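The block underneath contains the structure these notes are about, expressed in structure tokens.
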Amino acid sequence: MKHFNTLLDRTSGILQYAGAAALTLMMLLTVADVVGRFFKHPIFGSVELVGFLAVIVAAAALPHTYKIDGHVGVEIVTRMLPAKIRLWVALVTRLLSLGLFAVIAWQMFVYAADLKAAGDVSMNLEFPVHYLVYVLAAGLGVFSVTIFQRIVDTAKQLRKTAPK
């Protein structure tokens, strides 16, 4: 299990840097486009490229953000619960999340294959869109594995709190 966690951490780290690079590229492209528009020379396809980069940012950020509990959560009620019940709530929530995101990742792979078969391309740049959907599907796949890892950790914590 330790090797699995190490591999997942490395993959999450690589995705984190890819997302940061895509976000930086989005910023630079937007600035260059705005400056270009001022001088009557906008960057052709910049809106599409920024949208593509946004997909990469979202797909790359999910696993690491989940791992460090960076997502927004409402814990007004659960904070008042005993630790064991909070663990059970976390376990159920994570199981539901895993089910949802595993299905979404799977369906994104199916959708990407359909787009590839249909030969769909973006409107201006005529970029094959299925590549971006595959990137998103892969990011959601890594996210699902990250959720699974947290489920295992939560189950271990529950076992430690069980009476002996």
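Taking the chain as a Gaussian network, Cα atoms linked when under 10 Å apart, which of Arg150, Arg79, Arg94 shows the biggest mean-square fluctuation?
Comparing Arg150, Arg79, Arg94 in a Gaussian network model of the chain, the most mobile one is Arg79.
Through the Karplus equation 6.51 cos²θ - 1.76 cosθ + 1.60, θ set to phi - 60°, convert the phi angles of the stretch 91-104 into ³J(HN,Hα) values in whole Hz; use x for Gly and Pro.
5, 5, 4, 5, 5, 5, 4, 4, x, 5, 6, 5, 5, 5
Ignoring ligands, DNA and RNA, what percent of the 1.4 Å accessible area of the chain is carbon and sulfur?
72
For the stretch 14-85 and the stretch 114-164, what is the centre-to-centre distance using only Cα atoms, to the nearest Å?
16
Can you tell me which of 66-74, 17-25 comes out highest on packing, and rank the rest after it, using the mean Cβ neighbours within 10 Å?
17-25, 66-74
Over the chain, what relative contact order in percent results from Cα pairs under 8 Å that are six or more residues apart?
29
Just to be sure I understand: if I project the alpha-carbon convex hull of the stretch 38-126 onto a plane and average over all orientations, what area do I get in nm²? All intermediate terms of the calculation are to be shown ahead of the outcome.
Numbers: hull surface 37.6 nm².
Quarter of the Cα hull surface area: 9.4 nm².
Could you sort the peptides 29-41, 123-135, 47-59 by per-residue average Cβ neighbour count (10 Å cutoff), highest mean leading?
47-59, 123-135, 29-41
Along the stretch 152-160, what does the Karplus equation 6.51 cos²θ - 1.76 cosθ + 1.60 (θ = phi - 60°) give for ³J(HN,Hα), rounded to whole Hz, x for Gly and Pro?
Working through the residues one at a time gives 4, 4, 5, 4, 5, 5, 5, 5, 5 Hz.
In square angstrom, what is the accessible area per residue of the stretch 13-102 with a 1.4 angstrom probe?
That works out to 68 Å² for each residue.
Once you put a point 7 Å from the Cα of Phe4 and another 7 Å from the Cα of Glu126, both along the Cβ direction, what distance in nm separates them?
So the two model labels end up 4.7 nm from each other.
In the structure displayed, which of Lys40/Lys116; Lys2/Lys160; Lys67/Lys160 lie more than 29 Å apart, Cα to Cα?
Lys40/Lys116
Rounded to the nearest 500, what is the 222 nm mean residue ellipticity of the chain from helices alone, with -39500 (n - 2.57) per DSSP H run of 4+ residues and division by all residues?
Per the formula, -28000 deg cm²/dmol.
Quick one: which residues, 5 or more positions from Val121 or on another chain, have an amide H under 5 Å from its amide H? H modelled 1.01 Å from N in the peptide plane, none for Pro or chain starts.
Distant-sequence amide H within range of Val121: Val129.
Once you put a point 7 Å from the Cα of Met27 and another 7 Å from the Cα of Thr65, both along the Cβ direction, what distance in nm separates them?
Result for the modelled spin labels: 1.7 nm.
Output wanted: per-residue J couplings in Hz (rounded whole) for the stretch 108-123, from phi through Karplus 6.51 cos²θ - 1.76 cosθ + 1.60, θ = phi - 60°, x for Gly and Pro.
5, 5, 5, 5, 4, 5, 5, 5, 5, 5, 7, x, 5, 10, 5, 5
Report the dimensions of the chain along its three principal axes from the alpha-carbon atoms, largest first, rounded to Å.
Per principal axis, max minus min of the Cα coordinates gives 73, 37, 31 Å.
Let me know the charge dipole size of the stretch 40-134 about its Cα centre in debye, to the nearest 20, where only the beta-carbon of Lys, Arg (+1) and Asp, Glu (-1) is charged.
500
How big is the shadow of the Cα convex hull of the stretch 85-124, averaged over all directions, in nm²?
If I average the Cα hull's projected area over directions, I get 3.8 nm².
At 0.36 nm per residue, minus the direct Cα-Cα distance, what do Ala118 and Ile43 gain on full extension? Give it in nm, one decimal, please. Display every interim value, and only then the final one.
On the way: separation 75, 0.36 × 75 = 27.00 nm, distance 2.81 nm.
Length difference between fully extended and current span is 24.2 nm.
The values are calculated or read from the model by the stated rules, or taken from the named source; none is laboratory data. Given the structure is predicted, the values throughout are model-derived calculations rather than measurements. A quick note on method: Cβ atoms are made from the backbone with ideal geometry, for glycine too, and the neighbour counts reach across all protein chains shown. Surface areas here come from the heavy atoms of the whole protein model, side chains and all, with no ligands, DNA or RNA. Shrake-Rupley method; radii C 1.70, N 1.55, O 1.52, S 1.80 Å.
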